[in-house]
Structures are given as structure tokens and as C-alpha cells.
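Have a look at the structure below, then the notes.
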Amino acid sequence: MPDSDSPDEETGFFFHHVAIIGIGLIGSSVALALRANGFEGPISIADRNGEALREATELGLGTSYHTSAAKAVSGADMVFLCVPVGAMGATARAIAPALSKTAIVTDTGSVKGSVARAVSAAIPDKSRFVPGHPIAGSEQSGPRAGWATLFRHRWCILTPTEHTDPAATDVVAAMWRAMGANVEIMDIEHHDLVLSITSHLPHLIAYNIVRTAYDMETVTEQDVIKFSAGGFRDFTRIAASDPTMWRDVFLNNKTAVIETLGRFMEDLAMLQRAIRWGDGEQLFDTFQRTRNIRLSIIEAGQETAAPDFGRPRFDPRNPGRDVDQDQPHDTPHEAHHDHPVDVPDDDYDEEAF
């Protein structure tokens, strides 16, 4: 582990000042997890969405709030890029002139190839960039969706480039471990292929199945929605995920997704034939194999065997809030703003920040 005079060394945080660019589900969870696990330094937050900044302020997620990403990173020695993957390049270009020479830059994007190329090309010292991807989240979005234990016992994959300084990777790995995550180092191309099957394709299927059901509403006189069973309900949960983020994921990981989608369609055709020809043995064997995969995921600690997928029970004394929900950090630091936060509420684009 690199030498550091950081006051938070004992907690595993080898830096003094954090900047979080993009304060949605992941960005807010990072802020909460840092505080919950002992980081006491400044946390500068930037977002071009005025409502998100207002919510972050109300929750006390940071010590300063900015509509300018460049101002947020000034003086920071750990910078998180938590924007949609399609905005990573524009955001990196915006912060590049203001980055400290010692600042480490990392990201939380679900695609690594395009992000690594865009950010490495934009920042002044590509050896200080550590691409990362915490495998955690939900269909919720915005600052209020975050919670301090989101990363606990989950995997965070780091995909250092050929230019990344190993010492910078060590600092980022120690940080994720301090926030409760398990860390895996992985090749960029391998990451994008693995995530295309474990995350990206399931979302694509969910979006399509829900769209198909909606299109059938007129045919079935709305009975598809009215009598939705658990399986369809769970697809709708996934399909409720942030559309901007997932649009960018598919556009930036198209090669791996198309390859995986082709394999999926071949397997789907096999099942179609088995149903058509009454091949019960083929169907049973397939379903038994997939059931065993589910059990192995539970055994690996990546899911719970609790009824109803471990969904939290609601507190009858406080309807609308569940008993397992983590409270936000309840002692917010004194905050200041470098700019009014009543900016338009619109999506990230190539002019981000």
C-alpha cells in the first residue's frame, strides 16, 4: 500500500478530499458509504441537475455542491465519475484542466472499454485513472435512492489499463474494501463480455418483455397487467431502471451485447423447438440446470434464499418505509455552494458540465 499522511489511513482511505461527479444512486451511495466507514475529509459534489443537487444538500451528502464539475474537483485527490457512460468523455474533458497532479480518477460505469478510452484520452495523466465498476444497484435513481451499505459484500471490478499506475489501483482497491466490497482485478474486454450476459442482456430482455406485454394490452383487454404474476413483476422492476444510463450502456458495449444476444437467440430457438415437438426431457434438463445455477448464486452469497427474494418487510408504524432501509448520514457537514442550483433538470449530453 502506498505511503500517505492521510488522517484516514487506518480506515483504508489513502486520500484527503473526494469529489463525486454525478449524484444519483451510485454517487449518493458512495458518499454515504465513505462517511459510514470513517472518511472524515471534504466531499465535493457536482451535478448539472439542479433538483439532484438540492436533494443532495438536504441529505447532507457532501460538504460543497457545484454545478461545475471542474470546481468540484479542484483540490480533490480522489475523483469519482458517476455519470452515464455516454457522458464520461465529456465530463473527463471538463475536469481535466482543474485536476490536481496527484488526483486519482476512477469511475463506476457498467461498460469499461469505451470509458477507459474516453477518460484516458481526456485527462492529463492517464496513469492516475483506475476504471472501476461496483456490481451493485437497484432500479431506483436519484440521491434519495442511495444507501450506505449498497456495496457491502458485493463485487467491485477494477480494470486498470496498460498505463495505470499499480499504486493508484492499490488505493482504489483499498477504498472499495473499506466500504465493504470485494475487489476483483479484470481485463477490460473480459469485463465487458461478462457483464453483457450477467447484466446488460437481462436488462434488454426485461425492457422488451415489458414492452411486448404493454403492446398486448389492447388484445387482452388489459388482463396482462391486471393479472401479472411474480415473474412478470420482477421483469418490470428491472425494466424500471434509468433509461438514460441503459441507453448509453447498450450503445457503448454493442459488440459484446450483440455477440451475447446472438447466443441467447440460438438457445431460445432450441427451447422453441422443444416446446413445439413436445420434448419434455430437453425442457426438464434445461430447467434443472438453470435451477442449479440459481442455487450456486445463493451459495456464493450474491443472493438470498429468503421468501419473496428477500424483499424488506414494511414497518406498520411508518407506512412507505421499510424496516431494513438505511438512514442517510444524520450529521451533515456545513455546506457551501459555488453557484445557485436552480439549473434545468435535463439529461447528460456531450456538453455535460
Item to check | Burial ranking of peptide ranges 193-200, 268-275 (average Cβ count within 10 Å, highest at the top) | outcome: 193-200, 268-275
Next on the checklist: Charges on Cβ only, +1 for Lys and Arg, -1 for Asp and Glu, centred on the Cα centroid of the range 33-150; of 39, 52, 85, which one is farthest towards the dipole's positive end?
Outcome noted: 85
Checklist outcome for this item: With a ≥ b ≥ c from the Cα gyration tensor eigenvalues, square-rooted, and the rule rounded for a/c under 1.5, otherwise prolate when a/b > b/c and oblate otherwise, the range 121-191 is prolate
Checklist entry - At a 1.4 Å probe, what is the % contribution of carbon and sulfur to the accessible area of the range 48-128? => result 50 percent
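The values are calculated or read from the model by the stated rules, or taken from the named source; none is laboratory data. Just so you know, these numbers come straight off a predicted model, no measurement behind them. Don't worry about glycine lacking a Cβ; one is built from the backbone with ideal geometry, like all the others, and counts go over all protein chains shown. Calculation scope for accessible area: heavy atoms of the full protein, side chains included, ligands and nucleic acids excluded. Shrake-Rupley method; radii C 1.70, N 1.55, O 1.52, S 1.80 Å.
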